[in-house]
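Below you'll find the structure, written out as structure tokens, and then a few comments.
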Amino acid sequence: MVLKFEMIPDQGLGPGHALLRISGQGAVSPEVWIQIERNQENEKILGPNQHWTTEDVWHPLTLGQVDGQSVVFPLGPDLVDPMAEQSHKVAFLVSAKMGEESGRIRLTNFKMQPSYAAGVRAAPVAEPVPEPLLPEEVPVVVEPPPNRPPVSEEPKSPLMVLVATGVGLLVAAGVGAGVYFAFFAEKKAEKPPEVVAAPAVPILPPAPASPSMGTLPEVDTFLKTVPDAKVALEEARKLAEGGKPDLSMLIYRYAARTGNPQAALALGRMYDSETWSAKTSPLPQADDETAAYWYEIAVQGNTAEAQRLLGKVMVRRESSGPGREKGLAWLKKAADAGDAEAKAVLEKLK
């Protein structure tokens, strides 16, 4: 019976995750093996370490959920990211084996996003603070002088003129004195503006460091911000020290793809048979071939430790041939840089 299956994005977990639905009469097993092949370059087969190879590699899928005549398997960044990083022009051939049944599907114009593919969220634009409104000026209304009574055409007597003049002088003097005293009284009443000292700005203690993330959705959210490799490396170390090697590996891979040699060195140790342990690595077993792959990226940092580890794993994998010679060369380079362990390994190999 030929299996039929489809691959769709996992909307629940977001970028870097997909669901593989397999249907058919034989689709009843919660375990399946798949192979992913691309149609470009010489290294066409997806290997176990997210790099492409010429070897025949099959990936086991577990945790399948039986749904009637179908089984749904979750695919993580280990399988989705290498496909999502390719050009949209690359086509993939995904083959599956479930017991004695098999099937395949061709994927073109693959548009799923890798687990770390998301732009940095733009900072919110602060709304301008309106300037304080000045109090409106009170318009000065100049009232017209009161209407004077019509001037009598009749002549006034000298006595009346003298009396009127005297009264006018007294009134003018009184008004002038009133204006004078009112003006200075107002000036006296005015107080100089008080100078209010600005309140002292309290010195706040530095904010405590945020606790390390601890779940897969939190890691996905962190990687979507496309963090700097140095920041990512620090978060990966926190997760590793907190006993979460599976989550730390995801962040180490992100940083290593940017060329960070320290992240690549940490990944190599997770695969290296000499440093692998169930507590420090999420892998079920060691894989020296993949360790060598990450160490080759780590030696770009020109550290004796990376050179020694790469040399040891290459010598350990091959008892003779060009691979072993290359490993000895890396060991010698580390020894020349002053690495005592590399010197001891070379002495034993003589």
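Given (1) open to solvent by less than 30 Å² (accessible area, probe 1.4 Å); (2) within 16 Å of Ala329 (Cβ to Cβ); (3) among the acidic types (Asp, Glu), identify the lone condition not met by Asp272.
So Asp272 meets the others, but not (2).
Quick one: would you say Gly311 is touching a residue at least 24 places away in the same chain (Cβ under 8 Å), under 14 Å from Ala263 (Cα atoms) and either crowded, with 17+ Cβ neighbours inside 10 Å or under 37 Å from the mean Cα position of the chain (by Cα) (or both)? If you could, list the steps in order and put the result at the bottom.
Values: touching a residue at least 24 places away in the same chain (Cβ under 8 Å): yes; under 14 Å from Ala263 (Cα atoms): no; either crowded, with 17+ Cβ neighbours inside 10 Å or under 37 Å from the mean Cα position of the chain (by Cα) (or both): yes.
No; evaluated as a whole, the condition is false for this residue.
Can we say Pro74 is within 27 Å of Ser281 (Cβ to Cβ), touching a residue at least 40 places away in the same chain (Cβ under 8 Å) and assigned to a strand (DSSP E or B)?
Here the answer is yes, as Pro74 does meet what is asked.
Could you tell me which residue of the stretch 48-63 is most open to solvent (accessible area, probe 1.4 Å), considering only residues that are free of Cβ contacts under 8 Å to residues at least 24 places away in the same chain and either of a type in the set (Ser, Thr, Tyr) or within 17 Å of Leu267 (Cβ to Cβ) (or both)?
Checked the stretch 48-63; the qualifying residue most open to solvent (accessible area, probe 1.4 Å) is Thr54.
Among residues belonging to the stretch 236-277 that are modelled with pLDDT under 90 and not in a helix (DSSP H, G or I), point out the one that is farthest from Val315 (Cα to Cα).
Thr258
Suppose we filter the stretch 279-304 for residues that are open to solvent by 80 Å² or more (accessible area, probe 1.4 Å) and either in a loop (DSSP other than H, G, I, E, B) or at positive phi (or both); how many remain?
4
Exactly one of these conditions fails for Val80: (1) in contact (Cβ under 8 Å) with a residue 60 or more places away in the chain; (2) open to solvent by 10 Å² or more (accessible area, probe 1.4 Å); (3) hydrophobic (A, V, I, L, M, F, W, C). Give me its number.
The number of the failed condition is (2).
Just need a number here: residues in the stretch 1-20 that are part of a strand (DSSP E or B) and charged (D, E, K, R).
The total comes to 2.
Residues checked against (1) aliphatic (A, V, I, L, M); (2) within 22 Å of Gly76 (Cα to Cα); (3) surrounded by fewer than 22 Cβ atoms within 10 Å (Cβ to Cβ):
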position	(1), (2), (3)
Pro227	no, yes, yes
Ala232	yes, yes, no
Leu247	yes, yes, no
Ile251	yes, yes, no
Tyr254	no, yes, no
Arg257	no, yes, yes
Gln262	no, no, yes
Ala266	yes, yes, no
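Here's the yes/no breakdown for (1) of a type outside the set (Gly, Ala, Ser); (2) touching a Gly at 6+ places or on another chain (Cβ under 8 Å):
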position: Lys244; (1), (2): yes, yes
position: Ala255; (1), (2): no, no
position: Pro261; (1), (2): yes, yes
position: Lys279; (1), (2): yes, yes
position: Ala286; (1), (2): no, no
position: Ala298; (1), (2): no, yes
position: Lys312; (1), (2): yes, yes
position: Val345; (1), (2): yes, yes
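Sort out which residues of the stretch 322-344 are open to solvent by less than 30 Å² (accessible area, probe 1.4 Å) and either over 17 Å from Thr290 (Cα atoms) or not in a helix (DSSP H, G or I) (or both), and write them in order of number.
Listed by number, the residues that qualify are Leu331, Ala334, Ala335, Asp339, Ala342.
May I ask you to list pairs of residues, at least six apart or on different chains, whose Cβ atoms are under 7 Å apart, with the first in the stretch 6-23 being over 14 Å from Val219 (Cα atoms) and the second being part of a loop (DSSP other than H, G, I, E, B)?
So the pair list comes out as Pro9/Met112; Asp10/His17; Ala18/Asp10; Ala18/Met112; Leu19/Asp10; Ile22/Leu3; Ser23/Gln69.
The values are calculated or read from the model by the stated rules, or taken from the named source; none is laboratory data. If you're wondering where the values come from, they're calculated on a predicted model, not measured in any experiment. Because the Cβ atoms are built from the backbone with ideal geometry, glycine has one as well, and the counts that use them run over all protein chains shown. Quick note on the areas: whole protein, heavy atoms, side chains included, nothing else; ligands and nucleic acids left out. Shrake-Rupley method; radii C 1.70, N 1.55, O 1.52, S 1.80 Å.
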